[in-house]
Every structure is written in C-alpha cells, then in structure tokens.
1. Go through V143, V159 for me and flag whichever is modelled with pLDDT under 90, surrounded by 14 or more Cβ atoms within 10 Å (Cβ to Cβ) and over 25 Å from A86 (Cα atoms).
2. Being of a type outside the set (A, V, I, L, M) and without any contact (Cβ under 8 Å) to a residue 60 or more places away in the chain is the filter here; which residues of region 141-160 pass it?
3. Just one of (1) more than 27 Å from C148 (Cα to Cα); (2) surrounded by fewer than 17 Cβ atoms within 10 Å (Cβ to Cβ) trips up A16, so point out which.
4. If you go through region 53-67, how many residues are buried (at least 18 other Cβ atoms within 10 Å of the Cβ) and under 17 Å from L4 (Cβ atoms)?
5. Can you confirm whether region 68-91 contains a residue that is among the small types (G, A, S) and surrounded by fewer than 16 Cβ atoms within 10 Å (Cβ to Cβ)?
Amino acid sequence: MTTLDVSETEINEACAKLKRDAVAGGYVLNSDTGFVERLVSGILTNERRYGYPACPCRLASGKKEDDLDICCPCDYRDPDLDEYGACYCALYVTRAVHEGQQALTSIPERRPGRALRRAKLQTQPTATHPLAPLPYPVWRCKVCGYLCARDQPPGICPVCKATKERFERFM
C-alpha cells in the first residue's frame, strides 16, 4: 500500500459518516453502493494528496484556496440537484432519482474556468456595513429560522427538514 492508497476500512468509515451527514442534512446518496465507495475512495485519495477533499470528478489544482468550490460537498451540488436531480459526480441525488421516478442524465460542468473564478474572488464586495450588498440572496426557513445565502433556497432545510416551499427571501 502506497501512502495514497486508501484501505477498505477507511472507505467504509467515510461512507458511513457521509451517509449520516447526508441524512442529517436532508440529502440522499446515490443508491449504487460500489459507485459511492469508488467516489469516496477518490475523495480520500485527494485529501491525502492535497490536504483537502476535492471532488474526484474534477481536476484539482493542489491549491486549497483555488479549489474550495470543489471540496466535497462542492458549491455546485445544490444547483445541480435542483436542475438535474444529481450533483456533477452523482454522489448526491434527489429522492426522485433515488426512488427511480427520475432518470439520471449527463450533468454539464457549471464550474467556471480558473480565470473567471479568480476574477470573481477579486471583485466580490467586502461587507464593511451590515447592510452592504450581498453576492447572494439570503433565504430563511419559516419553520426554524435557518438562514442560508445562495441563489435558491435548499430543497430541504438541514435543520428542521422543511421543504423548499417553506423558505422565504430574507435579504
């Protein structure tokens, strides 16, 4: 075993934790256990290689600050789930996909190129005032008060499990 090799025990432990975290957050993992184990092995390998859990389906740069958007779970998971029923690597799927009510299709890469990502980081406004413009709308769960800043509210509240319809735009 090389230093990058991941043992079956490590994969099983990581899969169990991932499943617990997914369920707790209102997410569903792909039902193909072997597929999930191979993805988790890739995540663990990338964590050893780079020091962070980069998605194995994307090319990591080796610089954490450049790859924070593709650390699992990546920034693109929820928009991909909303639009395609699965994230880019298909680790996370919607209930409809999991239950066979929706077929998986190919998912286009939504991660912008490196130059665009760097430009966006450099031009993001800094909050110097509590009411400064935010780069994303803030959504509030009307059931428990959970807040999140993103383009759309989550499908399920990670705190109380309320559905997307129970969110309101807060800011």
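1. Details: V159 fails: over 25 Å from A86 (Cα atoms).
Within the list V143, V159, the selection yields V143.
2. Let us first name the residues in region 141-160 that are of a type outside the set (A, V, I, L, M), namely 141-142, 144-146, 148, 150-155, 157-158, 160.
Those that are of a type outside the set (A, V, I, L, M) and without any contact (Cβ under 8 Å) to a residue 60 or more places away in the chain: C141, K142, C144, G145, Y146, C148, P153, C160.
3. So the condition that A16 fails would be (1).
4. 5
5. First, the residues of region 68-91 that are among the small types (G, A, S): 85-86, 90.
Cutting the leftovers down to surrounded by fewer than 16 Cβ atoms within 10 Å (Cβ to Cβ) gives us none.
Looking for residues that are among the small types (G, A, S) and surrounded by fewer than 16 Cβ atoms within 10 Å (Cβ to Cβ), one finds none in region 68-91, hence no.
The values are calculated or read from the model by the stated rules, or taken from the named source; none is laboratory data. These numbers come from a predicted model, not from an experiment. Neighbour counts run over all protein chains shown; Cβ positions are idealised from the backbone, glycine included.
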